[in-house]
Each structure stands twice: as C-alpha cells, then as structure tokens.
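Below you'll find the structure, written out as structure tokens, and then a few comments.
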Amino acid sequence: MKLSFLGAVRTVTGSMHLLEVNGSRVLLDCGLFQGHREESNRRNRNLPFDPRSIDVVVLSHAHIDHAGNLPQLARQGFEGVVYATPATRDLCSTMLRDAAHIQEQDAQFFNRHLRREQPPIEPLYSEEDAVHLMERVAAVPYRTQASVVPGVKVTFHDAGHILGSAVVVLDVEERGVRRRIGFTGDLGRKKSPILRDPERPMGIEILITESTYGGRLHHPIDQVDDELAQVLIEAADRGGKVVVPSFAVGRTQELVYWIARLQDAKRVPVLPIYVDSPLTVNVTEIYRLHPECFDAEFRRQIAAGGRPFSLPNLTYIRDVEESKALNAREGPMMIISASGMAETGRILHHLRNNIEDPKTTILIVGYQAHGTLGRRLVEKEPEVRIFGEPYHVRARVQVINALSAHADQQELLDWILHQSEPDQRIFIVHGDADQSEALERELTTRGVRDARVPELGEEYAL
C-alpha cells in the first residue's frame, strides 16, 4: 500500500494524489496547475504517470484546480471510471467544456498578438475531450459506499466547500490489513450561507488534509455585510465600476446572496450588477437542481418563494457582444466574472479595460495562488501584464477575506482534532509552504504525533 503526492504539495493548485493498493492505482483528484503560464503549460501537459495505468479517479469536487485536467487524462489514454457526487458530476459536465472553450479562445487571442519569433499557443484539450471524459463519470450520493477497485470502498461526506464537494473516505484492505484513509479535498466553513456545514467522518487513520489557510484566521462571516456594503457605497460615491474576479461555482452565488441581503435591508445603493460568465449562468441553474446540498435555512427561503440568485438589478450575460458593451458603459456598476484567480476568461478583458481607471475598484473575494494575476493584484504590484501587455494598476484593490469558502486554521484544527485517532498519520497538502508548515506546527503542539508536509513527488508506504 503506497501513497504518492503528485500535485497541490506546498502550493494550492493542481491537486493530485495517487494510492496504490492490491495492484490497482487510484488517483485522488486530477486538477489543473495554475500559475506562471510556461510552468502551468509544462506541468498540465506532462502528467507524472502513465494515464493508461490509472484504474479509477476519485474526485473530491468540481473546482478546476481539482478536476480541470481530467480531460487531459482521458486524452492521454485513461479508460477507467471517475467517481464523484451527483452535483460534482453535473458541475463538471459544464465546467470542463467551458474550460476547454476558454483555452481555445485564449489561444486564439494570444496567437493573434504574438510576435513572429514566438511559437503559437495550443489549448490543453478540446471540448470533445471534455465530453469524452464525462462518459466515464459515475455519480455516488453522499454517505453511500461504493466499491471502486478490489479492496477499496469509497464513501463521500459533505465537505461544505462548494456544491457537491466531498470529504473522501477510503476503506482499504490489503493482505488482511485494513486502513481508513481520509482526504478532505477542500474543507468548507461553518455557518456559511447556502451549503451545509462540513461533515466529520470518524475513524480515519491516515488523513490527507488541505491547508489553504493553515496559518491564518478569517474575519468572522458576519462581517461580510459591513465590508461589502462599504465597497458598494464607495463605488456609488465615486461613480466607478467594481470588477470582481469570482469563481463561477460557489463564490458568485454567495456574493449575489449577500448583495440581496444588503439590498433588502436598504443598506446599499441599488447598482446595476452584471454576472458576465456563461459558465456562471449554467452553474447557477445546476445549483437549483441540487437542494440536497443546501442547509436548512436556505431550503426554507426557497420553500417560502424566495429566488436567492435573482435580483431586479442583476443581469446574467452569455452573449459576447453584450460582454464587450460593458466596457463602454459608465459606472457605478458591479461586474462579476470568471476566472476567480484572473487567469483566463472574460475577467481579463474587464481588467484590461478598467485597471488604469482610479475610479475602478477591483474586489478580490477568494484565494489567489502564487503566480496568478489575482495574487499580483492582492500584493499591490504597481504594474501587471494582461494578455502579455503591461498595465499600470491605478484601480483600488480591496480584499474581503470573510467570503472565503476554505476553513481557516482554527476551523481546520477543530475538524481534524474532533475525529483524530491516537496514532493517526496526517499529510498536509494544498497550501503554500508557509501555510502547510504552520498547520503542521500547530497540530504537533496539540499532541498529534505524526503530521508532516510532503514534498512534490514523495512516496510513503502505508
């Protein structure tokens, strides 16, 4: 029995871990690495194993840094089954095709602007590759055990991170030895709107945990109202645009929910709001199909006739020409667009057209990985490159950390220590090195005997 860490190690993107047991190879997640373009291209195209050798994939959730390289896996010869929750399957159906479409569009845009000596850019995979992959996805409901390869049974528990997100529990038996292995995927927060709190499966002996905020504490969720209200009021006063790079799954829906609360309470001016992302429109429809993922309060709102993702001043945009028309419109207004780390998609065009305007506010509402444009904005770099061209950052950059869908250090500790076994081994992944190491130190301080941060490519016998 062996576990290898092949992605999202000492960084937060490209989640990929390999379990070898009874001669079978089980891949946990197959995410896109997101960061500097050349490194991302190299790592995403060159998988660290033969795709044909993978028997099954167990997918924690649909975010691109966990699921986004699955079409590449299938393109290179994977013929097994991908196991996921029903909501994750439905989200992947639209998200992976959208990822392929955006890659094709971005490649065309870059290639039109390349200098003669530069080689053309090719998409990682096509929409056809994404469709081919989806033929291999099998849905397993929460708390339902499924045998995936000989000696390995999988159960998904609600992770409370995004729609369909799961804590993966693997009950493994090899040569009479039984082990219960847990993988958090991305762990959500308590008391977040819309989704249920993370579940806590018991008896886990070997845990692979995320550590995105392993050394940080979030602002309380109840501060979101005040922070978001301030942004909207100031934007209205300046007459500027609020441009929001936002993840299509989870973050945009929560943002609309919070704005609706503020408008209902008459705490903010009613500005035109544009959700400019065909993917987000599709994802929001999928949300409506999966009430089994909602918390009790949100289900009551819907039962009472509420339309939580609809506002009279909110417009969802699919059409490219409507998207382009936003550039000519004067503020105040809010534009919410993907991608959440400002690496691809329509958000790049909105940033390119507004980043040098001092009246603009760029609102960051999610984690930004090292090497991404979003991270450079958070770090207040005076100049950034968009589509290869330099732009001065004259817009105001504001961050609302309370909107994070990731557990912070205290929430991670509470979750891990609640179900900790006496001799539990804990592998800390999916966090920048300082965050993973901070969580390792804190767990050790609290009595965990075997917590460690693996290196990329490191293998462990279990």
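Quick note: the coordinates plus some simple rules give every number you see, no bench work behind them. These figures come from a predicted structure and were not determined experimentally. Note that each Cβ is placed from the backbone with ideal geometry, even for glycine, and that neighbours are counted across all protein chains shown.
Computed values, structure above
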quantity: Most to least packed among 283-290, 250-257 [average Cβ atoms within 10 Å]; calculated: 250-257, 283-290
quantity: Estimated dipole of the chain in Debye, rounded to 20 [Cβ of Lys and Arg +1, of Asp and Glu -1, Cα centre]; calculated: 420
quantity: Sorted peptide list for 102-108, 454-460, criterion being average Cβ within 10 angstrom, highest first; calculated: 102-108, 454-460
quantity: Listed residues LEU3, PHE110, GLN34: farthest to the positive end of the dipole of the chain (Cβ charges); calculated: PHE110
quantity: At most 10 other Cβ within 10 Å, DSSP loop - GluC sites (Glu not before Pro), region 130-212; calculated: GLU135
quantity: Ranking of SER60, SER126 by count of other Cβ atoms within 10 Å, fewest first; calculated: SER126, SER60
quantity: Neighbourhood charge, 13 Å Cβ-Cβ cut-off, centred on TYR391 and excluding it, Lys, Arg +1 and Asp, Glu -1; calculated: -1
quantity: Estimated 222 nm signal from helices in the chain, with DSSP H stretches of n ≥ 4 weighted -39500 (n - 2.57), rounded to 500; calculated: -9500 deg cm²/dmol
quantity: Entry for semi-axes √(5λ) of the Cα gyration tensor in Å (calculated from the structure that is shown) out of (i) 35, 25, 21; (ii) 77, 27, 18; (iii) 37, 29, 21; calculated: (i)
quantity: Eligible lysines near LYS2 by straight Cα distance, threshold 29 Å, same-chain separation 8 or greater; calculated: LYS153
quantity: Partners for LYS241 among aspartates and glutamates (Cα-Cα distance below 13 Å; same-chain residues under 8 apart left out); calculated: GLU330, GLU356, ASP357
quantity: In sequence order, calculated HN-Hα J values of region 6-14 (Karplus, 6.51, -1.76, 1.60; Hz; x Gly/Pro); calculated: 10, x, 6, 10, 6, 7, 10, 10, x
quantity: Spherically averaged projected area in nm², based on the convex hull that wraps the Cα atoms of region 221-403; calculated: 10.3
